[in-house]
Amino acid sequence: MRIFTNPNYNFIKWRWHALVLSALVIGAGIATMIARGGPPLGVDFEGGTVIVVRFAQPTGEDPVRRALGPLSAEAVVQQTRGSAGENEIMIRLPQRQGLEQGASLEADAQAVKDSLTKAGLPHEVRSTEIVGPVIGQDLKRKGILATLTALGGILAYIALRFRPSFGVGAIVATFHDILVTLVMLTWFNYELSLNVIAAILTITGYSVNDTIVVFDRVRENQRLMRREPLEQIVNKSVNQTLARTVITAGATFLAVVALYLFGGEVLEGLAFTLLVGIVTGTYSTVFIAAAIAIILSRRSAGAQAVTQAQARAKRV
Amino acid sequence: MYKNLRWKLLIILGVTAWAVWSFTPPSTKVKLGLDLKGGVHLVLRVNTGDAVKVETDTAAEQLLEALKTAKVTVTASRPTSPTTFVVEGVPQASDQQFRTIADQQVNTAYEREPGVGGSYTFRMRQNIERTTREGAVTQAIQTIEQRVNPDGTAEAVVAPYGSAGDQIVVQLPGVSDIPRAKSLIRSMAQLQYKLVEGGPASDEKTLLSPHNGQLPADFEILPGVSGTRGDTSRVFYLVRKVAAITGSDLRNAKPSLDEFNQPAVSFTLKSDGVTKFTRVTEQNVGRQLAIVLDGQVRSAPVIEARIAQAEARITGSFSQQEAQDLSLVLRSGALPASLDYLEQREIGPTLGRDSINSGLTASAAGLALVTIFMFAYYKGAGFNAFVSIAINLVVLLGLMVSWGSVLTLPGIAGFILTIGMGVDSNVLIFERIREELAANKGARQAVAAGFDRVFITIVDTHLTSLIAAAFLFNFGTGPIRGFATTLMLGLLSNVFTAVFVSRALFELQLSRKPAGARLSI
């Protein structure tokens, strides 16, 4: 079986359309984020308390809210995704001042458990996560630092291996993938957690990975097709690697779909992020990375042509 | 042709056998993370300022004591901040003598600055302050380690954390009674014997009335419970500030029973502790001696006679468990500073079990889906891909166990991504072989060219992924680290399986066919 027998699509022709489409999606997503006051931060970064409880009987969100009484004013009460029979509920409370002194960090968690017991809702606590402001700040700083340094490291490697216009193309594609992923997380109401950041960093590796395969091919073809214009070489390289790009993405996508479906509640955010990242990573490899590389190469090639013409003019 | 094939196959067999051997049996060899096993993860901050303050308080008192002995009278020696204390009213005549005594007593740790009217400020030297703070964290780690893991058998982790220098991470896998664990960790366990100067009384005013309502400088008021059994009402004692005996004089502590057969804690004193105890009891027959634990008077027995034995007892309304815990924390020694909780994560045992199950299901489903896909798309070569990915997973698990790394839930996700990476490399190679075949090359040349041409690309892609994973490892704690480790080791084993194993499999198939035979790909 094979797909794409000798494909010859003109991807480069569509480069401006692709850039505009991406800009629209990212723009709209950022607008949503700004409207909601920033990207959706989970308890890892924003601090606060998250308790997941499982009830003996199916219990909806409303009885839990009633049981919480005055606490429910600030609480987010949500049935966990994929929880069968409505019996697993996540309760999140915001961070409070002065929580870190002494043993009071878990005051909110204790209050939730007590009020559920008092309301006659027998339950089992599946997990409790309490993050104070110091750690939240720390993780936020570390998360941003890790993402930036990872990008820097990858950029340095690409700069060593490829010429600058291609390096910039790969990095723009990677930033594009991170932004699109953040947009999708916002639109589908997934919060940024440590796991999600891990997934985003994995995607940066994956996205660059994909791009490098194409660029390696471009380099190989440049030796074989010296007379062809760069556009043609890049287009040919994208087409030659198209089957590999799509099949790899498809197979990895299948594996991650399994993770998304069967991996359980804890890994859902991570799996979702990887799914989005695989799709956008493939798209950006074909449409964004190569397009940027060509646009930048052309500009420098144009500049070179001008200086050469000037040199000739001088000689004459 | 392929004369090295036999050796290649032997190496593959050897590596696989080594990997299987290193994680057999998995139930004991594969270490599960907190998120799979259930348990609690805590981040604590040691308030190192406490330790610095104690140091300064002690220095101020020591100096005053030495001055008293030398008959140099000053009006006061009192701390003004955690790192400074002042001595006021040094007489002009004994200024030289004061300086000599101060140099002997505190010069190594404090800088002396003269002020006006015979006053001096002593400031803790910065290197001393730093070592005091560092020492407090180290001592807190050792103390907590002894409390949560007294026999050294549990898989508890107590370690420095973060870059702030004053944080500690405590991980207790499989612990179910978390409130008890937390109170064990937090308990200051500061045991002191203090002479009672007044009380018990139901409020502070009554205690101060003999002193004209003023609290004398070397006294303090402490809360406690009344000595009568079964009476839990709150009372107050007026006691001497300076402790007669402290926890550092303890040799051992163990749970026992009191004369009413109620749980109590018995302890023995070190020899200089005994000397001190004997002296205090000898000089204060008929007075009360308060037993103070973490600033609370637990009981205040009357000294009947001089006591010259090493054994003593704390009674009070304990449960059996409380008596046991108290003796444990007394044995481990006092914490050098108070602790704050910064982060607490608990994973219930059922969630851990469910996570293992869903992780295994997801891995199996992922592998199955990918395998079906590869067979459908590459037919015979799909088998090679399956074998090389399966060996990849086996080697990865072997590497993880030998590396001593812990399997976490994100780590399982790392396994699934490793399947993806394995597919990626194989597809890259297979597509190239197809291209070479399409260019009318023979099967053997096509396979050789496919692997050779793609090798540099595989190195490139793996290196960039390794860079991302390395930064992830640096950033992460616990589960994320597990994820990063899995990814890195997975990348390493994938280079081996995709390039070496897969190629050997192709060569094995080709060597059994006549030259010029077609390849199923």
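Summary of computed values
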quantity	calculated
Cα-based equivalent ellipsoid of the stretch B:158-252: semi-axis lengths in Å, sorted from largest, via gyration tensor	36, 18, 14
Coordinate range along principal axes, alpha carbons of the stretch B:420-521, Å, largest first	55, 23, 16
Axial C-alpha extent at least 20 Å, average Kyte-Doolittle at least -0.5 - helices from chain B (DSSP)	B:5-22, B:48-69, B:349-378, B:380-403, B:409-438, B:443-475, B:478-495
Proxy reagent accessibility, fewest Cβ within 10 Å first, across B:R313, A:R15	B:R313, A:R15
Chain A: relative contact order in percent, alpha carbon pairs under 8 Å with at least 6 residues between	25
Sites B:A517 and A:F175, calculated FRET efficiency, Cβ-Cβ separation with R0 35 Å, nearest 0.05	0.15
CD proxy at 222 nm, helix term only [per DSSP H run n ≥ 4: -39500 (n - 2.57); per residue of chain B; nearest 500]	-17000 deg cm²/dmol
Size descriptor, Kirkwood hydrodynamic radius, that averages inverse alpha-carbon separations across the stretch B:187-344, Å	16.4
Peptides ranked, highest mean first, by Cβ atoms within 10 Å: ranges A:16-29, B:379-392	B:379-392, A:16-29
Average partner coverage of B:375-384, which counts Cβ from other chains inside 10 Å	1
Charge sum, other residues only, whose C-beta stays under 12 Å from B:Q126's C-beta, Lys/Arg counted +1 and Asp/Glu -1	+2
Overall Cα dimensions of the stretch B:313-444 - principal axes, largest extent first, Å	93, 29, 25
Entries of B:K68/B:K270; B:K182/B:K254; A:K140/B:K182; A:K236/B:K513 with Cα pairs more than 32 Å apart	A:K236/B:K513
Longest to shortest principal axis, alpha-carbon extents of the stretch B:10-105, angstrom	92, 30, 18
Environment charge of A:G277, counting only residues whose C-beta is closer than 15 Å and scoring Lys/Arg +1, Asp/Glu -1	-4
Normalised per residue, the volume of the convex hull around the Cα set of chain A (Å³)	169
Cα centroid separation - the stretch A:200-247 against the stretch B:411-476, whole Å	14
Inverse of mean 1/r across different Cα pairs in the stretch A:138-259, Kirkwood, Å	16.1
C-alpha center-to-center spacing [the stretch A:251-266, the stretch B:125-162] in angstrom	41
Percentage relative contact order, chain B, counting C-alpha pairs under 8 Å, at least six apart	18
Fewest-first sequence of A:I295, A:I3, B:I480, A:I278 by Cβ atoms within 10 Å of each Cβ	A:I3, A:I295, B:I480, A:I278
Set of aspartates and glutamates with alpha-carbon distance to B:K8 below 15 Å, sequence-local pairs under 8 removed	B:E507
Under the span-like rule (Cα at least 18 Å along the axis, Kyte-Doolittle mean at least -1.0), DSSP H helices of chain A	A:15-35, A:133-161, A:164-187, A:194-224, A:242-262, A:268-283, A:290-315
Proximal aspartates and glutamates relative to B:K31, as straight alpha-carbon distance under 19 Å, when same-chain residues fewer than 8 apart are discounted	B:E155, B:E346, B:D354
Square roots of 5 times each gyration tensor eigenvalue, C-alpha, the protein assembly as shown, largest first, Å	67, 32, 26
Residue-count net charge about B:A253 - beta-carbon cut-off 15 Å; Lys, Arg +1, Asp, Glu -1	+1
Per-bin percent of Cα-Cα distances, chain B [10 Å]	3, 14, 18, 17, 12, 10, 9, 8, 5, 3, 1, 0
Among A:T273, A:T202, A:T59, residue whose mean-square fluctuation peaks in a GNM of chain A (springs only between Cα atoms under 10 Å)	A:T59
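Each value in this text was obtained by applying a stated rule to the coordinates, not by laboratory testing. Keep in mind it's a predicted model, so treat the numbers as computed, not measured. Don't worry about glycine lacking a Cβ; one is built from the backbone with ideal geometry, like all the others, and counts go over all protein chains shown.
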